[in-house]
Amino acid sequence: MQPKWLEWTQKLQAIAQSGLTFSENPFDIERFKQIREIAAEIAASYTQVEHQYVLDLFAREVGYATPKIDVRGAVFYNNKILLVKEKFDGLWTLPGGYADIGESPSESIVKEIFEESGYQTRTVKIVAVYDRDRQGHTPFPYYMYKLFFHCELVGGSAATSIETDDVGFFAEDAIPELSLGRILPHQITRMFEHYRNSNLPTDFD
């Protein structure tokens, strides 16, 4: 379960962002900016990140506030799962990232897998749609949904990228240290369960 301070931050930021999008009254606009300031102060005080950095991060978000979408691909070969090592923290994760405008979710994950690992794939099934905060990930300033796809390997070869340092396939009992902001051990376990039983329904929430 996410900490209360994170829930407060996300809700205040969403109220401020949506209010600034639709308000025309200058007094209301100033109040919504103050709400955004408070959200940034809360986040900064609990994360040891500079207040101005958080405020600038929030200020870049415009329009009606909605969850961000993160796509992740589970690719298997010889009963092992494909993982990539992130340059950012030196830890491992399923390939993936933010879905891009103009691409369907399946197009986004196929592109992400290729860019981060060098492997060409095709989507087989959407395995899970998770609320990030309800899964137990490390705190993150934005509200996010995570879409997990089972993807079939169709070609390519291992290659790193500007985001990844290493690429490999790992057995279920030999998973390396994971980047917990991106993937959790129980999610890896669930990917293997779906791989072994393709008739399982899609997980959600």
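Numbers for the structure displayed
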| read-out | value |
| --- | --- |
| Tally of residues being in a strand (DSSP E or B) and under 20 Å from Leu82 (Cα atoms) across the range 131-165 | 13 |
| Residues being more than 16 Å from Lys125 (Cα to Cα) and surrounded by 13 or more Cβ atoms within 10 Å (Cβ to Cβ) - total across the range 71-81 | 1 |
| Hits in the range 155-205 - residues which are more than 16 Å from Arg132 (Cβ to Cβ), among the charged types (D, E, K, R) and touching a strand residue (DSSP E or B) at 6+ places or on another chain (Cβ under 6 Å) | Asp165, Asp166 |
| Test for Arg190: is it crowded, with 16+ Cβ neighbours inside 10 Å, under 30 Å from Val49 (Cα atoms) and basic (Lys, Arg) | no |
| From Phe169, Phe149, residue being in contact (Cβ under 8 Å) with a residue 12 or more places away in the chain, of a type in the set (Phe, Trp, Tyr) and in contact with a Leu (Cβ under 9 Å, 6 or more places away or on another chain) | Phe169 |
| Matching residues in the range 106-138 - criterion: being of a type in the set (Lys, Arg) and over 19 Å from Leu200 (Cβ atoms) | Lys111, Arg122, Arg132, Arg134 |
| From the options Ser179, Ser198, residue that is of a type in the set (Gly, Ala, Ser), in the same structural domain as Lys87 (by TED's automatic domain parsing) and buried (at least 16 other Cβ atoms within 10 Å of the Cβ) | Ser179 |
| Conditions (1) of a type in the set (Lys, Arg); (2) outside the structural domain of Tyr130 (by TED's automatic domain parsing); (3) under 30 Å from Met191 (Cβ atoms); number of the one not met by Arg36 | (3) |
| Elements of type strands (runs of 3 or more DSSP E) in the range 35-99, at least 1 residues being touching a residue at least 40 places away in the same chain (Cβ under 8 Å) and in contact with a Phe, Trp or Tyr (Cβ under 6 Å, 6 or more places away or on another chain) | 68-77, 80-86 |
| Lone qualifier among Glu112, Glu163, Glu116 - being surrounded by fewer than 16 Cβ atoms within 10 Å (Cβ to Cβ) and closer than 15 Å to Val71 by Cβ | Glu163 |
| Residues that are touching a His at 6+ places or on another chain (Cβ under 9 Å) and closer than 19 Å to Tyr98 by Cβ, drawn from the range 110-127 | Thr123, Ile126, Val127 |
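The values are calculated or read from the model by the stated rules, or taken from the named source; none is laboratory data. This structure is a prediction, so every number in the text was calculated from the model and none was measured. Every residue, glycine among them, receives a Cβ derived from its backbone with ideal geometry; neighbour counts consider all protein chains shown.
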